[in-house]
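The values are calculated or read from the model by the stated rules, or taken from the named source; none is laboratory data. What you see is a predicted model, and the numbers here were worked out from it, not measured in a lab. Every residue, glycine as well, gets a Cβ built from its backbone with ideal geometry; the counts of neighbours run over all protein chains shown. Quick note on the areas: whole protein, heavy atoms, side chains included, nothing else; ligands and nucleic acids left out. Shrake-Rupley method; radii C 1.70, N 1.55, O 1.52, S 1.80 Å.
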Amino acid sequence: KFGEKVNAEMILSPLFRYMRWYGSRTPDAIYLLSVEPAEIDQIKLFPPAAVPVTGPDALCGAVGGPWDRLTLSVENHYIYQSIRAHLDSGVPWSETQLYRHPSYERDLGKARRRAEKIERLIESIDENGYQQRFDPDGVIPKRDEDAPTNEWVGDVHVGDEMIVGLDRSGEFVHLKNGRHRLSVARYLGIKEIPIVVSLVHPQARAKLPGDAQPIHPD
């Protein structure tokens, strides 16, 4: 629940501060690879300020601590639950968890626009497949250029690709970008999607897939 998330943040704030101070910033340990959406079973719950995964101060590489424990199953997330209710049972978007989420319940216009965005995404992926958002050989925009495809992990440009971590068991955890894409791809049974792996728990360094391609700093 939302209140439980806030309490966890308060209780663990000293540990999060320690992780930011002690955590790794290893720009040569960021990778691009493709996986089946079903392999990404968890979504992180820790707040962005607690363990930054993008921006100039982003942690990357081998990072220990509890970041991989504060998660929620993708299929229990309100986005996936809303998509399934709407497509499986014909529940109107306005009666799904999307409209009851704290981010949208006080702004029905925002909720409606988000539902429309998901509808377009479902149609696009269903008709055209899942499209890669990041070109490792493409032109890198200026860091301060305000564009939805201009995401950075420290000095590494990753565009708008989905960013994940590898937890201590070697399982993928969604960290940032593409929650809607992940939910739609899982629901539609897409076989493969591209991801950027930026965090790896120290206990799982040997479990990084062999076909992972390093993304080098500019």
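Inspect region 37-57 for any residue being at pLDDT 90 or above and out of contact with any strand residue (DSSP E or B) (no Cβ under 8 Å at 6 or more places or on another chain) and give the result as yes or no. Yes, because at least one residue in region 37-57 is at pLDDT 90 or above and out of contact with any strand residue (DSSP E or B) (no Cβ under 8 Å at 6 or more places or on another chain).
Here is the figure for region 120-161: residues that are exposed (fewer than 13 other Cβ atoms within 10 Å of the Cβ), more than 25 Å from Val200 (Cβ to Cβ) and either touching a helix residue (DSSP H, G or I) at 6+ places or on another chain (Cβ under 9 Å) or of a type in the set (D, E, K, R) (or both) total 9. Taking residues in region 85-97 that are more than 16 Å from Val184 (Cβ to Cβ), and partners anywhere that are among the hydrophobic types (A, V, I, L, M, F, W, C), the pairs with Cβ atoms closer than 6 Å and at least 6 places apart or on different chains are Val91/Ala85. With the structure loaded, tell me whether Arg100 is in contact (Cβ under 8 Å) with a residue 40 or more places away in the chain and not aliphatic (A, V, I, L, M) or whether it fails that test. When the stated conditions are applied, Arg100 does not pass them.
Taking region 200-218 as the range and being modelled with pLDDT under 90 and open to solvent by 70 Å² or more (accessible area, probe 1.4 Å) as the test, the residues that pass are Arg205, His216, Asp218.
For every residue, the table says whether it meets (1) small (Gly, Ala, Ser); (2) under 20 Å from Glu127 (Cα atoms).
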{"position": "Asn150", "(1), (2)": "no, no"}
{"position": "Asp155", "(1), (2)": "no, no"}
{"position": "Met162", "(1), (2)": "no, no"}
{"position": "Leu166", "(1), (2)": "no, no"}
{"position": "Glu171", "(1), (2)": "no, no"}
{"position": "His174", "(1), (2)": "no, no"}
{"position": "Gly178", "(1), (2)": "yes, yes"}
{"position": "Val184", "(1), (2)": "no, yes"}
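Within region 91-109, the set of residues being assigned to a helix (DSSP H, G or I) and either among the aromatic types (Phe, Trp, Tyr) or open to solvent by less than 80 Å² (accessible area, probe 1.4 Å) (or both) comprises Trp93, Ser94, Gln97, Leu98, Tyr99, Gly109.
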